[in-house]
Structures are given as structure tokens and as C-alpha cells.
Amino acid sequence: ATANIGVIGLAAMGSNLARNLAHHGNTVAVYNRHYSRTEDLMRDHGMEGQFVPAHTIEEFVASLKKPRTAIILVKAGAPTDAVIDELEAAMEPGDIIVDGGNSYFKDTIRREKEVRAKGFHFVGCGVSGGEEGALNGPSLMPGGTDESWKTLGPILKSIAAKAEDDGAPCVTHIGENGAGHFVKMVHNGIEYADMQVISEAYDLMRRGLGMTPDEIGDQFEEWNKTELNSYLIEITADILHEKDKKTGKPLVDVIVDQAGMKGTGTWTVQTALSLGTSVTAIAEGVFARAISSQTGLRQEAAKQGLAGPDGRIDIPEDAKKAFIEDIRQALYASKIVAYAQGFNEISDGAKEYDWNIDLAAVARIWRGGCIIRAQFLNKVSDAFESGEAEVSMLFASYFEKAMEKAQGSWRRVVAKAAEVGVPAPVFSSSLSYYDALRSRRLPAALIQGQRDFFGAHTYGRVDEPGAFHTLWAQEGREEIKES
Ligand code: NBP
């Protein structure tokens with residue numbers, strides 16, 4: 001046996017990760033169900049490092065040094081279970097099975113339990129950064145035992161992206177069993193919100209202010225020099241500057257306006273709903289994609305010609321610049337809310353599933369390699385590091401100040417969007433979330449009254465402990481104390 005790590009599944013992600021491992025001095029056993037992919041990898045990239053190609057899973061396992069460590073990169077779901085079964089049959093207790101696919105964290109919790117019962121280690125590892133990241137340095141979110149981290153940690157550190165500011169590898173041991181895939185899921189949820197706030201800013205400049213994609217691209221380029229500096233802002237500028245080869249039009253204008261999704265955003269929201277965590281910015285990001293793809297509904301709406309203003313923001317030329325700055329501030333404030341909500345979901349998940357997750361470390365490993373990589377994650381990790389963000393990122397002094405500064409702009413933008421009829425679901429729901437947090441008293445008191453009225457669900461009183469019920473049907477409406 002010569003290989004210190006193995007990769008199973010050599011489609012886009014697996015072959016790139018295997019190459020990345022080989023580039024960093026690992027001897028990599030490689031195996032794919034159909035040998036043709038293994039052949040392709042060896043033919044096209046075999047000279048890039050040390051690979052040990054295998055025709056069968058037994059051959060693959062035999063080529064691994066102990067403790068044998070195999071990273072699975074096959075389609076999430078049943079294919080992953082099938083490969084785990086095959087590995088278990090060929091491996092020995094003490095060996096480490098790593099699932100690098102986009103698995104649902106509850107599947108990972110189940111698999112970890114089953115695999116551990118047979119004496120193996122199981123690591124569910126979130127991998128972010130797409131194919132490019134897998135090759136040149138992803139952000140990695142492994143969950144599993146401390147013991148498996150001892151073997152796996154140095155290997156993962158060698159291939160992870162390095163943060164621009166301090167060169168730290170973008171990987172940390174997230175926690176036990178499903179913790180890594182949970183954090184990866186929330187990462188993707190935040191990504192939905194982040195992409196949507198950028199799109200809302202674009203829409204307000206495009207439809208609202210009548211700017212061209214080129215002009216807006218220039219604006220994003222400028223914004224990328226501010227606290228918004230991030231991968232997503234950078235690629236947005238590039239996309240907006242791109243011209244269609246066929247028609248010469250801005251490419252963005254020939255792309256169908258229906259956003260796809262693969263499900264991790266939906267999982268983030270479903271999980272938040274069951275945890276009772278408010279993740280409105282993420283949810284609106286997911287719903288915005290959903291409505292974009294409800295083609296029947298949109299076609300019918302177009303036929304009906306629903307009444308409303310035309311989206312144009314009528315402001316004098318000399319006020320335009322200030323309004324564009326308002327939009328930038330609204331984007332920043334909404335983004336901060338989305339991240340605050342995402343981190344709350346991670347905290348609530350950690351409580352529910354008994355994980356000890358270092359939120360500062362999570363923010364640090366998102367600084368490089370992944371899609372949401374951004375300068376501002378340095379501030380996020382500082383906020384968690386200092387303890388100021390323990391309850392919410394919004395309470396850390398840096399973000400408190402940012403929100404204070406942004407807030408006038410944010411309100412103007414949300415009000416203007418509503419007035420002219422440009423949808424801004426994440427801008428506006430984030431502002432509502434912020435205002436709900438600021439409110440000393442919420443109208444939930446009235447809801448409790450309603451619940452007690454029709455369902456005798458009881459309510460609490462502000463001046464006395466216990467549960468109370470009003471006999472609404474009775475004359476005189478007597479209140480009774482239930483406990
Ligand atoms: P795919 O998700 O397209 O899966 C293709 C691979 O799965 C092939 O190697 C295929 O083998 C293998 N496979 C299947 Br399908 N069924 C199998 C089975 N029953 N037994 C053994 N192998 C089986 O590949 P990918 O896009 O490279 O993604 C791999 C994983 O990484 C997925 O879980 C994905 O969600 C995750 N991920 C992807 C990205 C991305 O940007 N693409 C990013 C982050 C995470 P075959 O060649 O023999 O058919």
C-alpha cells in the first residue's frame with residue numbers, strides 16, 4: 001500500500017479534488033464506478049502527481065496505507081449510501097470514510113451512527129467553492145470525531161484555500177457527525193441571500209434608475225473597493241460587462257430570468273423553520289428564485305397586466321449619485337442581517353444536535369475558497385472572537401455602527417422600491433427583521449389574544465407569572481389562571 005488518501009467518484013468534483021491532493025504531495029488512490037473516468041483522469045492529469053488508479057473498490061482499499069482514508073465524491077443520496085456499503089465491506093475498523101458530497105446533514109448524522117457502530121470513523125465534510133475550488137483550494141467543513149481529525153486535518157489543511165489576509169487554511173474541525181454538512185448547508189443559504197441582495201441592487205439601478213449593465217458593472221467594481229469587497233460582487237461586475245457573442249447585447253439581457261436551485265437553500269429554510277430560527281433574508285432569497293421559475297404564474301400575470309407603477313425612479317440627475325450610495329448601504333445592511341440570521345441558525349442547530357461549534361472559526365474558514373468569501377468575514381470572525389456577537393452578530397459594535405450608518409439609506413431604498421414597484425424582498429424583509437429586534441413590544445400580544453379567543457391556548461401576563469385564559473364566551477369575560 002502506497003497511497004495516504006483515496007478519492008472515490010471522479011466526476012468534476014472528485015477528479016479536481018484528487019488532483020489538488022496530488023499537487024500537495026499526497027499519494028492519491030483513485031477509483032470510479034465506471035473505469036473510463038479514472039482513465040480520463042490518468043491520461044489528462046496523471047503526470048501532475050502521484051496517483052494510484054484502481055479498477056475495483058478492493059484494489060482501491062488495498063492501495064491505501066492505514067488508517068485508510070477515503071473521500072467519497074459521488075452524487076448525494078442513495079449513491080453515497082451504496083459507496084459507503086462497498087467501502088465497509090473492504091475496509092477494516094479504524095479506517096476513515098469521508099463524504100465530501102452535498103449530503104443532507106440528517107443523512108450524515110444517521111450514516112455516522114451506522115458507520116461508527118461498525119468500528120469505522122465517518123466524516124461528513126462540506127466542500128465549498130465548486131469545481132474550481134476543489135482544484136485550487138476549497139473551503140472545507142469537516143464534521144466527525146477528534147480522532148479522525150488527527151489523520152485528516154493535516155491533509156485537508158494542505159489542500160484548503162488559504163485566506164488572503166493571514167494565509168490560514170480555510171478548514172476547521174466543525175464538530176461531531178452532521179455538524180460539517182449543517183454548516184455547509186447554512187453557508188449555501190447565506191449564499192442565496194447574498195446573491196439576491198446583489199440582484200436587488202442591480203434591479204433598482206437598472207429598472208429604477210435606468211442605468212445600463214455596463215454602468216452598473218462599473219458601480220459594482222467601485223463597490224468592490226469598499227466593505228462589500230467579495231467574490232460575488234467581483235463576478236457580478238464581470239457578468240454585467242460581458243457582451244453576448246451572438247447578438248452583441250449585454251449577456252445579462254439574453255439570459256432567461258429564471259434562477260435554478262439544487263436544494264440546499266430550501267434545506268436551510270426548512271431546518272430553520274423546524275428550529276424556530278428566523279432566517280427571513282435567506283428564505284426570501286429562496287422564494288425569489290422560486291417565483292422567478294414559476295413560469296405559468298408569471299405568464300398569466302403578464303397577460304392579466306397587474307396594476308401598479310412602472311418601476312422607474314424619478315429623481316434629478318444630481319441626486320442619482322446619492323441614491324446609488326443609498327442602494328449600496330441597503331445592500332450592506334441586508335447582507336449583515338442575512339449573515340446574522342445564518343449564524344443564529346448554526347447556534348440553534350448546535351444546541352439542538354449537541355455540537356460545539358466555534359462560530360469565529362466558521363467565519364474564518366469562509367474567508368477563502370468558498371462562494372461567499374468576502375473581506376467582511378474578517379469583521380464577522382472578530383465579532384465572534386470577542387464574544388460581542390454571541391447572541392447576534394448585530395450586537396457586535398462594528399456591525400451596530402454599520403447598521404446605524406446604513407439605516408437612513410436602507411429605509412429610503414425600501415420605501416422607494418415599494419413606491420415605484422420594484423420588488424426588493426431581502427432588502428425589505430431584513431429591515432423588518434431589524435425593526436422587530438428593535439421593538440420593545442411586538443403585536444404578538446394581539447396574536448396571543450386571538451389564539452386564546454378561538455383555541456383557549458392561554459397567554460402570559462406582563463405583571464404576573466403563569467398561564468391565563470379568558471372565558472371569552474362568558475358574560476363578564478372572567479380571566480382564570482391555569483397554572
Ligand atoms: P455528480 O454529483 O454528478 O456525481 C457523479 C459521480 O457519482 C460519478 O463519479 C458517478 O460514477 C458517481 N456515482 C453515481 Br451518480 N451513482 C453511483 C453509485 N451507485 N456508485 C458509485 N458511484 C456512483 O458529481 P460532481 O458534480 O462531481 O459532485 C460530486 C459531489 O460533490 C456531489 O455530492 C455534489 O453535490 C457535491 N458538490 C458538487 C459541487 C459542484 O460544484 N459540482 C460543489 C460542492 C459539492 P459514474 O461515473 O460511474 O457514473
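The numbers here are math on the coordinates, done by the rules we state, and not lab data. Just so it is clear, the model here is predicted, and its values are computed rather than measured. For neighbour counting, all protein chains shown are included, and Cβ atoms are generated from backbone atoms with ideal geometry for every residue, glycine included.
Listing for the model above:
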{"item": "Sites matching trypsin sites (Lys or Arg not before Pro) across the stretch 297-344 that sit in DSSP coil, with at most 14 neighbouring C-beta atoms within 10 Å", "result": "R312"}
{"item": "Amide proton proximity set for T69, modelled H, under 5 Å, gap of 5+", "result": "G6, I96"}
{"item": "Percent of Cα pairs exceeding the 16 Å cut-off, where the set is the stretch 111-198", "result": "57"}
{"item": "Ranking of C370, C125 by count of other Cβ atoms within 10 Å, fewest first", "result": "C125, C370"}
{"item": "Reachable aspartates and glutamates, given that their alpha-carbon falls under 14 Å from the alpha-carbon of K245 and they are not under 8 places away in the same chain", "result": "D253"}
{"item": "Average projected area [Cα convex hull, the stretch 357-427], square nanometres", "result": "5.9"}
{"item": "The chain shape via C-alpha gyration tensor axes, a/c threshold 1.5", "result": "oblate"}
{"item": "Residue-by-residue Karplus 3J(HN,Hα) for the stretch 75-92, coefficients 6.51, -1.76, 1.60, Hz, glycine and proline x", "result": "4, 5, x, 4, x, 5, 4, 4, 5, 4, 4, 5, 5, 4, 5, 9, 8, 10"}
{"item": "Of K66/K351; K106/K401; K75/K249; K75/K113; K75/K379; K106/K416, those spanning more than 31 Å from alpha-carbon to alpha-carbon", "result": "K66/K351; K106/K401; K75/K249; K75/K379; K106/K416"}
{"item": "Relative contact order for the chain, counting Cα pairs under 8 Å that sit 6 or more residues apart, in percent", "result": "13"}
{"item": "Amide hydrogen neighbours beyond the local backbone of V52, cut-off 5 Å, H modeled", "result": "V28, A29, V30"}
{"item": "Long-range HN-HN contacts of G369 with modeled amide H, under 5 Å", "result": "none"}
{"item": "Which of M261, M141, M403 has the fewest Cβ neighbours within 10 Å, and the rest in rising order", "result": "M261, M403, M141"}
